[in-house]
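A short write-up of the structure that comes next.
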Amino acid sequence: MLTLATVMIPASASPVGIFFQQLEIGITLGAMYALVALGYTLVYGIIELINFAHGDIFMWSTVVTLAVIQAMGITASPGPVKLIGLLILLLAIGMLVSATLNYTIERFFYKPLRKAPRLAPLIAAIGASFILETIAQLWRGSSFVAFPSIFPSVGITFGSVRVNLLDVVIVIVAVVLMYGLERFIRLTRMGKAMRATAQDPEAAALMGVNINRTISMTFIIGGALAGAAGVLYNLYIAQVWFFTGFQLGLIAFTAAVLGGIGNIYGAVLGGFVIGLIEALTIQYVPGGFAWADAVVFAILVLILVFKPSGLLGQQIPNKV
Amino acid sequence: MATQTPSKAASSWTAGIRRGTDGIRRWLNETMLAGRPLIWYVTGWRFAVIALVVAILLPLVPTSAYSDIQSLLVAMISVFVYIMLALGLNIVVGYAGLLDLGYVAFFVIGSYTMAAGTYGSINDFAGKLHDLPTLPFILLIPIGAFIAGIFGILLGAPTLRLRGDYLAIVTLGFGEIVPVVFANIPIFFGQTGISATQPAPITTPVGIISFTDPFNHAPFYYLALAVAVLVTLGCYALRSSSIGRAWVAIREDETAAEASGVNLTRTKLLAFALGAFVGGIGGVINTAAFPSITPLGFSFAISITVLIMVVLGGIGSIPGVIIGALVLRLFDVFLLQRINDPVHQSFLVAPVNAPLHVLANVDFNTLKLLIYGIVLVAMILLRPQGLIPDARRRRELKGVGAAPEGVSAVGAFEQEEAGMSAATTADVLDPSEYTGAGSDAQGREG
């Protein structure tokens, strides 16, 4: 797992300290996975499509925010007040870019295929993913580009467990967004329309729900969450690469399936669980870096075989 | 999914493009193809015989050692390998309708069988070298195929109960894991990779045939051609067998097929195993021809490339898939280098402000992937049946569209029985008709 290569663990820590340090890393990673997983689960819940390009939507947020920060000429931490402004600016740009991209792809690639056989939109999504990746590769090249570390490395140390301010910020931003999503889906008209469409699109249409607008909105929200995750990822891992979306997307998809795809609480739970599993794998499995991906996939296969409905999902019988 | 109003003009931009290309297609048919659609020329036995004769004669073109013909032969060996891969994936995707996104895994397994079977030694987990008996190449083809087939069953057995899109992701994971496993276990030298020993020369009455002569690629060319032809014939046989019909039944409606007595798990598993089997053959042949392999050279891009070959040619269509593989692979290994190098070299000396100088920095291999992605999306949106659609599917869809109510199913079936040759004279294809009928017939299944 290349993405974790930069997360350093202090060498001289007690076994208990190491364990808790890994938990801390796992929660931070899990917050980002959960944000991306939400995009998968929202889209799957509403049109039963695995949005294969979702990981690359996330990647485009990392690429564009890198370009922005390079254009602004920022290479080091700009001081507390400016940092907050910068963080909000980056989040806004990342979310806007990803939401727009996700909306555009839905509008032009998936919408004409609403009535096509099931696999057609999935193949279109794979094509979209390929296109997004290669454009990013043509633009930024094939190698990693470092994202400047704009966050000062301050933090608190409990025993041998270090909690960076950045990690706290990441988790807070993620949790605020998740809470916002939950309120949105629960309380607003559009949220109600989304729930209705997920349950039964035809009945929802008969009740006056504008299905196309609801689906577009779902893609916009999912994209925005992935965009926010992209910014947080840039701050945490600080390596921009055209292929990160593919890997992280698969991990986040696994998280969504683990939680029970279609269920937003499940996606959040799955994200944190996968983050923890990955952090612990890297620490405790010999040669952990190399095997982290394999472990995630093994988990995916095991869930799908033994409990396809996931931790929080319901078993849905096959419709004829 | 319900769209409340039939505002098709506003919602489907693809329809406009289809109307536009329809005109071009008709014009082509009338002016250059003597009023017949292209498909009339490239399906059926006439075309197959001509293609085979051309393929057999190609190495006999008099040539010098470094000419383009020799590099075309090398490219063609790779083309034949990809034809095998595309045909193998076509069994899974086209016949049985299961989306396999990790097909590269079976290619890897075939490749490593060939390499390990001829290299002569392997590591153990402690990194100590052990001698291993080497096997003749001709034996390794079935061995590689069987090992890949067994892995196909091992992967398929627990996962084939899953719905189509989940299966796609699980196979994708498998395709990612297999190279990672080879890279991280020391047995086959990990990331360094391994080199196969190429097949030994054969002594025949007409002289010694060497498979390693760098100035004469014809022997390997013929070998790969022969295997590709065998695989093609096998695919035709499979398609018209009872198992082939069972696959089609599953593809069209799983629930109905099960109700009619098709054993879903066994039938799907067989498709998976046979697809993997063919992928294994492809791996063995490829490694015999291009002996150095590294695990990380086998990527998701290969799985996708093969999938694009299938989608481009026509899902389920044997001639389509062959032409899809031929076009894409020739473009990749033969044409692209001939574009890439001259362009880069010409801009190397050109002044920076010359027009189009930006091309000097473009990596055409990356650009290729972009084109592949666009091709994949465009095909699915605009012509989902592929360039050369499967004859059986066309007839099925025609039957559904044209037959009076009540007799369509029987009618379509009888047409099917009437023989394959009738299909080759099928008239102009109308894509809009296809998609219309297709979406009505297949609808949205849960």
Solvent-accessible area lost in complex, 40 Å² minimum, residues of region B:80-112 relative to chain alone, 1.4 Å: B:LEU99
For region B:131-162, residues shielded by at least 20 square angstrom of accessible area compared with the chain on its own, probe 1.4 Å: B:PRO158, B:ARG161, B:LEU162
Per residue in region A:255-304, which ones lose no less than 50 Å² of accessible surface when going from chain alone to all protein chains (1.4 Å probe)? A:TRP291, A:PHE297, A:LEU304
Cα pairs beyond 34 Å in region B:68-386, in percent, come to 27 percent
Region B:243-306: radius of gyration over Cα atoms, expressed as a fraction of 2.2 N^0.38 Å: 1.54
Each label sits 7 Å from Cα toward the beta-carbon; between B:PHE146 and B:LEU335 the label points are separated, in nm, by 4.1 nm
For region A:200-320, what is one quarter of the convex hull surface built on the Cα atoms, given in nm²? 9.7 nm²
Principal axis dimensions, region B:71-195 - Cα atoms, whole angstrom, descending: 44, 39, 24
If you put +1 on each Lys and Arg Cβ and -1 on each Asp and Glu Cβ, how big is the dipole of region B:68-386 around its Cα centre, in Debye rounded to 20? 420 debye
Bins of 20 Å, beginning at zero and ending with the bin holding the largest distance: percent of Cα pairs per bin for the protein assembly as shown, please. 15, 47, 32, 5, 0
Just A:ILE277, A:ILE74, A:ILE211 to compare: in a GNM of chain A, with alpha carbon springs under 10 Å, which one fluctuates most? A:ILE74
Determine ³J(HN,Hα), in whole Hz, for all residues of region A:208-213 in sequence, where each value follows from phi through the Karplus function 6.51 cos²θ - 1.76 cosθ + 1.60 and θ = phi - 60°; x replaces Gly and Pro. x, 7, 7, 4, 4, 5
Probe 1.4 Å, protein heavy atoms only: B and A together bury a total accessible area in Å², to the nearest 100, of 5000 Å²
By accessible area with a 1.4 Å probe, ligands and nucleic acids excluded, highest first: order of B:ARG338, A:ARG140: B:ARG338, A:ARG140
If you put +1 on each Lys and Arg Cβ and -1 on each Asp and Glu Cβ, how big is the dipole of chain A around its Cα centre, in Debye rounded to 20? 780 debye
Which FRET efficiency value, to the nearest 0.05, is calculated for A:TYR284 and B:LEU230 with the Förster distance at 56 angstrom and r the Cβ-Cβ distance? 0.70
The alpha-carbon pair-distance distribution computed for chain A, with 10 angstrom bins and whole-percent values, is 6, 27, 35, 23, 8, 1, 0
With a Förster radius of 41 Å, plug the Cβ-Cβ distance of B:TRP13 and A:VAL168 into 1/(1 + (r/R0)^6) and report the FRET value to the nearest 0.05. 0.35
If I take all pairs of Cα atoms in region A:107-146, what percentage of them are more than 15 Å from each other? 51 percent
In nanometres, the difference between 0.36 nm per residue of separation and the alpha-carbon distance of B:ASP22 and B:VAL181 is 52.4 nm
Run the accessible area of region B:68-386 with a 1.4 Å probe and give the carbon-and-sulfur part as a rounded percent. 70 percent
Computed over chain A, protein heavy atoms only, probe 1.4 angstrom, the accessible area per residue in square angstrom equals 40 Å²
Probe radius 1.4 Å, ligands and nucleic acids ignored: give me the carbon and sulfur share of the accessible area of chain A as a rounded percent. 70 percent
Length released on extending from B:ALA256 to B:VAL362, taking residue separation times 0.36 nm less the Cα-Cα span: 33.0 nm
Pop a pseudo-label 7 angstrom from the Cα along the beta-carbon direction at both B:ASP68 and B:ILE202 and give the gap in nm to one decimal. 3.2 nm
Expected unfolding gain across A:ALA67-A:PHE19 under the 0.36 nm per residue rule, minus the alpha-carbon gap, is 13.6 nm
How would B:TRP45, B:TRP247 rank on accessible area, largest to smallest, probe 1.4 Å? B:TRP45, B:TRP247
Each residue of region B:136-144 in order: what ³J(HN,Hα) in whole Hz does its phi give by Karplus 6.51 cos²θ - 1.76 cosθ + 1.60, θ = phi - 60°, with x for Gly and Pro? x, 3, 5, 6, 6, 4, x, 4, x
Taking the simple approach of a point 7 Å from Cα along Cα-to-Cβ for both A:LYS82 and B:ASP124, what is their distance in nm? 6.3 nm
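The values are calculated or read from the model by the stated rules, or taken from the named source; none is laboratory data. Everything numeric here is computed off the predicted structure, so don't read it as measured data. A quick note on method: Cβ atoms are made from the backbone with ideal geometry, for glycine too, and the neighbour counts reach across all protein chains shown. When the accessible area is computed, the model is the full protein with side chains, heavy atoms only, and any ligands, DNA or RNA have been set aside. Shrake-Rupley method; radii C 1.70, N 1.55, O 1.52, S 1.80 Å.
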